[in-house]
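Here is the structure we will look at, set down as structure tokens.
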Amino acid sequence: MDYEKRLQEIRARIAAACSRVGRNLEDVTIVAVTKYIDTEQTEQVIRAGLTDIGENRLQVALPKMEGMGAELQASVRWHYIGSLQTKKVKDVLPRFYMIHSLDRLSLAEEIHKRAAAFGRSIPCLVQVNISGEESKSGLAPAELPAFLQQVRELDGVEVRGFMTMAPAGADPEEARPVFRGLRELRDQLLAQGLVPAQARELSMGMSGDYEIAVEEGATLVRLGSILVNG
Ligand SMILES: *Cc1c(COP(=O)(O)O)cnc(C)c1O
């Protein structure tokens with residue numbers, strides 16, 4: 001698999017999406033989702049120039065991290081993008097830079113508690129269920145003000161922004177209102193002072209709809225199949 005070529009094509013598409021709406025390319029980071037591929041292929045992805053790697057399950061990520069050697073592992077930022085069980089937090093924190101799936105207070109409390117041992121606060125994105133689909137995890141928009149007020153008390157948790165999953169539809173345009181909704185929600189919460197000024201990240205867009213997500217303000221696109229599958 002020629003990851004460099006894939007990456008070049010994707011970057012060109014992201015650049016085009018940015019220029020359609022007057023955004024800077026530097027404001028969009030590709031999180032390469034490597035859950036489908038093995039350790040050796042993940043190493044190739046990193047060597048192709050990806051700096052941010054996403055995994056959604058600890059059981060899959062850990063053996064890869066251990067298998068690839070400390071130097072390569074430490075050369076990238078690891079993003080935890082899947083739903084996170086409270087009991088796994090203590091194993092996630094030492095290895096991952098950012099958690100994209102903060103979706104309940106008990107999880108925030110555990111992150112806060114465990115963060116103390118590492119002497120750092122943990123960058124987190126609050127997962128929001130914009131579409132309202134029952135199958136989707138994430139907080140409802142109406143729950144956010146109270147949730148964010150409680151999380152503010154937990155100095156081990158650093159809210160950096162928001163994440164959402166769009167409905168998996170045949171037409172990527174169907175995702176646009178969901179992405180736009182997350183951006184508008186972020187702007188509203190910032191304006192109301194309910195999140196700190198650095199809480200600007202929007203993790204949204206996957207292989208089928210990332211160009212639309214970029215047009216709507218994504219700062220982190222989570223790309224799996226389009227980048228790594230044959
Ligand atoms: C697998 C996964 C992705 C990547 O999906 P693709 O459609 O393969 O790009 C993004 N986000 C999350 C949370 C995932 O689990």
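Some notes on this structure:
- Sites listed here are GluC sites (Glu not before Pro) in the range 90-157 whose DSSP assignment is loop and whose Cβ has at most 11 other Cβ atoms within 10 Å: Glu134, Glu153.
- Normalised per residue, the volume of the convex hull around the Cα set of the range 120-230 (Å³): 111
- Distances between placed amide hydrogens fall under 5 Å for Leu202 paired with Phe162, Thr219, Leu220, all partners being 5 or more residues away or on another chain.
- In terms of surrounding Cβ atoms within a 10 Å radius of their Cβ, Arg23, Arg13 rank from fewest to most as Arg13, Arg23.
- Burial ranking of peptide ranges 121-132, 57-68 (average Cβ count within 10 Å, highest at the top): 121-132, 57-68
- Placing unit charges on each Cβ (+1 for Lys and Arg, -1 for Asp and Glu) gives the range 3-228 a dipole about its Cα centre, and among Met206, Thr39, Met65 the Cα reaching farthest toward its positive end belongs to Met65.
- From its DSSP helices (H runs of at least four residues, each -39,500 (n - 2.57)), the chain gives a residue-normalised ellipticity at 222 nm of -11500 deg cm²/dmol.
- Out of every Cα-Cα pair that the chain contains, those further apart than 23 angstrom amount to 47 percent.
- For Lys113, the lysines whose Cα comes closer than 16 Å to its Cα, not counting residues fewer than 8 places off in the same chain, are Lys87, Lys88, Lys90.
- Virtual spin-label span in nm between Tyr36 and Lys90, 7 Å along Cα→Cβ: 3.6
Bear in mind these aren't lab numbers, they're just calculated from the coordinates by the rules spelled out. Keep in mind that what you see is a predicted model, and the values were worked out from it rather than measured. Note that we place each Cβ from the backbone using ideal geometry, even for glycine, and neighbour counts take in every protein chain shown.
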